[in-house]
There are 2 protein chains.
Amino acid sequence: MKRRQYALQEGEVCKYLTFVSTGLLKSFKIDEKGNERISLFACEGWWISDFNSFIHQEPAVLTIDAIEASELLQISRANYERLLRDVPIMERYFRILYQNSLVTKDKRLISSNSDTAEIKYQRMLETMPDIVQRVPQHLIASYLGLAPETISRIKNKP
Amino acid sequence: MKRRQYALQEGEVCKYLTFVSTGLLKSFKIDEKGNERISLFACEGWWISDFNSFIHQEPAVLTIDAIEASELLQISRANYERLLRDVPIMERYFRILYQNSLVTKDKRLISSNSDTAEIKYQRMLETMPDIVQRVPQHLIASYLGLAPETISRIKNKP
């Protein structure tokens with residue numbers, strides 16, 4: 001995929017679980033004001049999808065596009081089931097992937113409800129230092145649910 | 001467990017994944033104002049835990065208590081790993097459990113950010129009719145992030 005190309009558009013069915021071989025993608029929703037609300041950054045070794053849409057073959061609420069030129073591996077719903085049936089170790093792989101994803105989602109939800117802007121940004125520096133390096137500041141702000149000015153203010157603090 | 005007994009208190013390490021054989025439990029956080037914010041109801045056949053605390057053996061942010069007298073089955077972290085190692089079908093079981101949990105969490109998060117109070121309550125009636133029957137109204141309100149008066153207003157609408 002080239003930079004800015006779409007892997008999924010809102011309203012389509014998410015046909016694939018996407019594994020990022022190289023590059024960087026993001027998934028997001030467009031809110032009422034037309035702003036992107038980023039739900040995930042995925043770089044090398046990460047998976048990205050509209051998971052509900054993929055599992056239930058319903059219209060996606062998320063859009064996915066490439067922040068950098070990217071090389072992707074994609075698996076369809078039918079092949080995902082076949083893989084899990086035929087290669088038992090993949091059950092373990094996805095069980096652990098989903099287990100980690102549940103933990104991360106819980107932590108992020110708790111943080112978004114209770115942490116200050118400073119702490120949110122600090123956490124992101126600690127947990128995703130590579131993403132913070134590679135991504136423009138307004139996208140970091142969108143991911144954290146903060147105004148871009150807030151990030152500038154935090155970074156410029158002595 | 002008797003009604004109102006605790007299965008987990010905030011700050012403890014969550015030692016067990018808990019499966020509800022009979023009865024009904026809830027997990028919740030206490031917010032700054034001292035109100036319970038309910039994150040999950042679990043009745044017969046459901047699992048409940050502070051999942052991050054269980055997986056990483058860190059202090060729990062959730063409290064879990066019994067809404068009804070309940071019979072529980074509990075598995076420790078070490079036995080959970082042993083079960084997954086020794087009984088391969090359990091990898092599949094937990095992979096599907098976590099897969100469903102991720103989908104449900106995403107849907108609930110989207111709903112909490114964008115749906116009206118009416119739609120939230122309607123959704124809950126459709127997806128968890130048994131819970132709505134068994135649980136006092138102020139707990140439904142806490143789960144949906146609504147004021148108890150709002151639920152009364154919705155129910156009394158002609």
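Looking only at residues in the range B:112-124 that are surrounded by 15 or more Cβ atoms within 10 Å (Cβ to Cβ) and not charged (D, E, K, R), which one is farthest from the other protein chains (Cβ to nearest Cβ)? It comes out as B:121. Within the range B:53-74, is even one residue within 14 Å of chain A (Cβ to nearest Cβ), among the aliphatic types (A, V, I, L, M), part of a loop (DSSP other than H, G, I, E, B) and in contact with a Lys or Arg (Cβ under 8 Å, 6 or more places away or on another chain)? Within the range B:53-74, one or more residues are within 14 Å of chain A (Cβ to nearest Cβ), among the aliphatic types (A, V, I, L, M), part of a loop (DSSP other than H, G, I, E, B) and in contact with a Lys or Arg (Cβ under 8 Å, 6 or more places away or on another chain).
Report yes if some residue within the range A:38-49 is over 14 Å from the mean Cα position of the chain (by Cα) and in contact (Cβ under 8 Å) with a residue 24 or more places away in the chain; otherwise report no. Working first, answer last.
Filtering the range A:38-49 for residues over 14 Å from the mean Cα position of the chain (by Cα) gives none.
Checked against the condition, which is being over 14 Å from the mean Cα position of the chain (by Cα) and in contact (Cβ under 8 Å) with a residue 24 or more places away in the chain, the range A:38-49 yields no hits at all.
Would you call residue B:86 under 17 Å from residue A:88 (Cβ atoms) and surrounded by fewer than 17 Cβ atoms within 10 Å (Cβ to Cβ)? Judged against the criteria, residue B:86 is a match. When the range A:12-28 is filtered for residues that are open to solvent by 50 Å² or more (accessible area, probe 1.4 Å) and in a loop (DSSP other than H, G, I, E, B), the ones remaining, listed by number, are A:12, A:15.
For the condition over 26 Å from residue A:140 (Cβ atoms) and away from chain B (no Cβ under 13 Å), residue A:78 qualifies.
Residue by residue through the range B:41-50, note down the ones that are part of a strand (DSSP E or B), of a type outside the set (Phe, Trp, Tyr) and either open to solvent by 50 Å² or more (accessible area, probe 1.4 Å) or in contact with a helix residue (DSSP H, G or I) (Cβ under 8 Å, 6 or more places away or on another chain) (or both). Let's see the steps before the verdict.
Looking only at the range B:41-50, we keep the residues that are part of a strand (DSSP E or B), and these are B:41-43, B:47-48.
Cutting the leftovers down to of a type outside the set (Phe, Trp, Tyr) gives us B:42-43, B:48.
Of everything in the range B:41-50, just one residue is part of a strand (DSSP E or B), of a type outside the set (Phe, Trp, Tyr) and either open to solvent by 50 Å² or more (accessible area, probe 1.4 Å) or in contact with a helix residue (DSSP H, G or I) (Cβ under 8 Å, 6 or more places away or on another chain) (or both), namely B:43.
Within the set B:91, B:126, B:118, B:81, the sole residue that is among the acidic types (Asp, Glu), free of Cβ contacts under 8 Å to residues at least 12 places away in the same chain, part of a helix (DSSP H, G or I) and more than 27 Å from residue B:55 (Cα to Cα) turns out to be B:126.
Residue count for the range B:125-137 satisfying the condition of being surrounded by 12 or more Cβ atoms within 10 Å (Cβ to Cβ), farther than 17 Å from residue B:42 by Cβ and not hydrophobic (A, V, I, L, M, F, W, C): 1. The one condition from (1) closer than 30 Å to residue B:92 by Cα; (2) surrounded by fewer than 18 Cβ atoms within 10 Å (Cβ to Cβ); (3) modelled with pLDDT under 95 that residue A:36 does not meet is (1). All of B:101, B:53 fail the test of being under 30 Å from residue B:148 (Cβ atoms), open to solvent by less than 20 Å² (accessible area, probe 1.4 Å) and in contact with a strand residue (DSSP E or B) (Cβ under 9 Å, 6 or more places away or on another chain), apart from B:53.
Criterion first (within 10 Å of another protein chain (Cβ to nearest Cβ) and among the acidic types (Asp, Glu)) does residue A:91 satisfy it? Walk me through it before giving the result.
Details: within 10 Å of another protein chain (Cβ to nearest Cβ): yes; among the acidic types (Asp, Glu): yes.
Spelling it out, residue A:91 is indeed within 10 Å of another protein chain (Cβ to nearest Cβ) and among the acidic types (Asp, Glu).
The values are calculated or read from the model by the stated rules, or taken from the named source; none is laboratory data. Note that this is a predicted model, so its numbers are computed, not measured. Counting neighbours? That spans all protein chains shown, and the Cβs are built from the backbone with ideal geometry, glycine included. Ligands, DNA and RNA are stripped out before the accessible areas are found, and what is left, the full protein with its side chains, is counted by its heavy atoms. Shrake-Rupley method; radii C 1.70, N 1.55, O 1.52, S 1.80 Å.
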